[in-house]
Every structure is written in C-alpha cells, then in structure tokens.
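Structure, as structure tokens:
Readers should treat all values here as calculations from the given coordinates under stated rules, not as data from a laboratory. Note that the structure is a prediction, hence the values are computed from the model and not measured. Quick reminder, even Gly has a Cβ in these numbers, built from the backbone with ideal geometry, and neighbours come from all protein chains shown.
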Amino acid sequence: MKTKFNFEAKTSKNPKLGFKIHALVFLLVTPIIFIIWYLTDTTYPWPLWSTSSWAIGVLFHYLGVFVFRKNRI
C-alpha cells in the first residue's frame, strides 16, 4: 500500500510547518552548495548570490508567518 502525503495541503493549513520545512531545506542545502563550490572552482564566490537570495526568501517567509500574519478565526 502506498502512503500519500500531500505537503501542499499540510503546509497551507499550518503555515508554521511550511516555514519549518523551508528553513530546514535551506540549512541542509546551503552547505552542499558551498562544498560543490569548494571542490570545483573557488575563483568566484558564486554561492553567495544564491545563499543570500534564498536567505532573503526565508526571512520574508518568517515575516509572513510570524510577524505579519492575518488574524485567523
């Protein structure tokens, strides 16, 4: 039997879970990106662009969930 887990349905009902997943993926993928950069060509620090952009996205996700949340009934 296959288990179906719909991330969209879970995260839309629980925005805190959506943020936690977003932050966890960010924290797990960022070191991998820097390892790839270190093992290939370190002349230009290209991971800084993707990491900083993604960090801004995580920051706005945090603000949307915890700071500027709508009053829900």
For this session: For region 19-26, just list the computed ³J(HN,Hα) in residue order, Karplus coefficients 6.51, -1.76 and 1.60, θ = phi - 60°, integers in Hz, with x standing in for Gly and Pro.
Result: 5, 4, 5, 4, 5, 5, 5, 4
Problem set entry | Cβ-defined net charge surrounding Y62, 14 Å radius [Lys, Arg +1; Asp, Glu -1] | +3
Problem set entry | Cα-projected label distance for L39 with I21, points at 7 Å along beta-carbon direction, nm | 2.8 nm
Exercise. Using θ = phi - 60° and the Karplus curve 6.51 cos²θ - 1.76 cosθ + 1.60, what whole-Hz ³J(HN,Hα) does each residue of region 32-38 get, with Gly and Pro shown as x?
Worked result: 5, 4, 5, 5, 4, 4, 5
Exercise. Of the peptides 31-40, 18-27, how do they stack up when ordered by the mean number of other Cβ atoms within 10 Å, highest first?
Worked result: 18-27, 31-40
Exercise. Once label points are set 7 Å from the Cα along Cα→Cβ at both Y62 and L48, what is their separation, rounded to one decimal in nm?
Worked result: 2.1 nm
For this session: May I ask you to evaluate 6.51 cos²θ - 1.76 cosθ + 1.60, the Karplus curve with θ = phi - 60°, for each residue of region 49-55 and list the ³J(HN,Hα) values in order in whole Hz, giving x for glycine and proline?
Result: 5, 5, 5, 5, 5, 5, 5
